[in-house]
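Engineer: Structure provided below as structure tokens; questions to follow.
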Amino acid sequence: ARSMPALALSACCNAALAAQRSVAVSTVVVHSGNALAVAPRALAELSARSRRARASLRAAKRNAGGDANGEGSNSESDANVDEAAAAAVRADAELDRLRRRIDDIRVMHARALLDTNSSRADDVIAVLAPFGNGTAVRADVRVLRGLAYAYSMRLDVALETVAPLISNPDVDIESRVNALWVTAFAHWRRSPSDADRRAGVAAAERAISELRSAATDRRSLMRCSKPLRELAGKTLGVLAGILQERFAADDDAVLARCETVLEESYALKQSTNDLVGQAIACGQLGRLHLQLYKRSSGGGGGSGGGGSS
């Protein structure tokens with residue numbers, strides 16, 4: 001029979017998944033937080049059950065040893081050992097499944113926290129702390145940590161966190177592109193030196209190049225899967241931000257390129273029904289068109305045209 005804490009955790013997790021499907025991110029935060037609150041009790045109960053199962057297996061083996069010395073039925077003892085061993089395997093498997101599910105909930109909670117309020121970056125880093133800092137840390141955990149560090153302006157740490165993913169051939173394309181996007185974002189948030197401008201653009205362009213190579217016709221980002229289109233839309237948004245706000249905003253060629261990038265970003269966000277992303281892209285386009293209007297009417301341009309507005 002499943003324990004009450006395990007049932008409660010399952011109910012909270014299912015509620016969080018339902019909220020995630022309906023894009024109710026603030027509700028995901030609540031339900032995934034509730035799941036994490038009950039997780040230690042569920043983990044303790046299943047750990048105790050696993051220990052009891054292993055103790056029963058050891059006892060069955062001792063009894064079987066005694067039976068082999070003429071103190072009982074060998075066939076009955078062997079059956080008891082087999083039954084105890086199967087029970088121990090089931091208990092260990094259930095414990096492993098619970099641990100993996102708690103890890104998934106932890107990632108879900110951290111992502112929802114960042115999506116609802118980027119100023120909670122320190123909370124996200126704390127939520128992800130149980131994963132440790134070894135080389136075997138999950139790729140999605142590295143990406144979330146890197147993004148949280150970037151939001152909290154620990155930009156060198158952000159870059160170091162995601163760097164191992166970028167050139168690792170064993171990392172899936174979604175994680176690799178996410179790492180490049182975080183890299184571009186971190187360079188965007190740093191003081192606008194030429195080196196950071198160029199490094200940010202290079203990371204974003206490499207991400208887009210990898211996404212284009214994953215498209216079914218090798219050209220159109222619209223031919224990518226939905227998760228990759230979502231990645232492409234936000235990566236193009238960061239690229240446009242660097243071009244518009246951190247690059248040569250008084251350069252007509254750069255501004256024209258920025259407009260093309262933003263239009264593609266908007267189209268991708270439309271294709272994934274990303275309403276918030278569409279609003280952000282519209283805002284960026286609006287600021288860009290205002291820059292272009294001021295330049296054409298002689299109202300001034302300057303390298304700060306995109307500014308911090």
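The values are calculated or read from the model by the stated rules, or taken from the named source; none is laboratory data. Every value quoted in this text rests on a predicted model; they were computed, and no experiment measured them. In this analysis, Cβ positions are derived from the backbone assuming ideal geometry, glycine residues included, and neighbour counts consider all displayed protein chains. When the accessible area is computed, the model is the full protein with side chains, heavy atoms only, and any ligands, DNA or RNA have been set aside. Shrake-Rupley method; radii C 1.70, N 1.55, O 1.52, S 1.80 Å.
Engineer: Nearest 10 degrees is fine. How inclined is helix 25-66 to the longest principal axis of the chain, computing both from alpha carbons?
Structural biologist: So the inclination is approximately 30 degrees.
Engineer: Using a 1.4 Å probe on the protein heavy atoms only, what accessible surface does ILE280 show? Give it in Å² to the nearest 10.
Structural biologist: 90
Engineer: Right, another one. Express the relative contact order of the chain as a whole percentage, based on alpha carbon pairs under 8 Å and six or more residues apart in sequence.
Structural biologist: With pairs under 8 Å counted, the relative contact order is 10 percent.
Engineer: Something else about it: Counting only protein heavy atoms, what percent of the accessible surface of the chain is carbon or sulfur at a 1.4 Å probe?
Structural biologist: Of all accessible area on the chain, carbon and sulfur atoms account for 52 percent.
Engineer: Can you classify region 107-211 as rounded, prolate or oblate using the Cα gyration tensor, where a ≥ b ≥ c are the square roots of its eigenvalues, rounded means a/c under 1.5, and otherwise it's prolate if a/b beats b/c and oblate if not?
Structural biologist: In terms of gyration-tensor shape, oblate.
Engineer: Moving on to the next point. Find out how many positive minus negative residues lie around VAL25, taking Lys and Arg as positive, Asp and Glu as negative, among other residues whose Cβ is under 11 Å from that of VAL25.
Structural biologist: Local charge sum for VAL25: 0.
Engineer: Can you give the accessible area of HIS109 in Å² (nearest 10), computed on protein heavy atoms with a 1.4 Å probe?
Structural biologist: Approximately 20 Å² of HIS109 is accessible to the 1.4 Å probe.
Engineer: If you don't mind, there's one more thing I want to ask. Test of the criteria: in region 202-299, which chymotrypsin sites (Phe, Trp or Tyr not before Pro) are in a DSSP loop and have at most 14 other Cβ atoms within 10 angstrom of their Cβ?
Structural biologist: none
Engineer: With every protein chain kept in place and ligands, DNA and RNA left out, what is the accessible area per residue of the chain? Probe 1.4 Å, answer in Å².
Structural biologist: 51
Engineer: What 222 nm value per residue comes from the helices of the chain, counting each DSSP H run with n ≥ 4 as -39,500 (n - 2.57) and dividing by all residues, nearest 500 deg cm²/dmol?
Structural biologist: Rounded to the nearest 500, the figure is -26000 deg cm²/dmol.
Engineer: Determine the sum of side-chain charges near GLY132: Lys and Arg each +1, Asp and Glu each -1, restricted to other residues whose C-beta is under 15 angstrom from that of GLY132.
Structural biologist: Once positives and negatives cancel, what remains is +3.
Engineer: While we're on this one: Measure nothing but the geometry: give the 0 to 90° angle between the long axis through the Cα atoms of 173-189 and the longest principal axis through the Cα atoms of the chain, rounded to 10°.
Structural biologist: With rounding to tens, the tilt is 50 degrees.
Engineer: Ok, one more. What do you get for the angle between helix 226-241 and the principal long axis of the chain? Use alpha-carbon atoms, 0 to 90 degrees, nearest ten.
Structural biologist: 40
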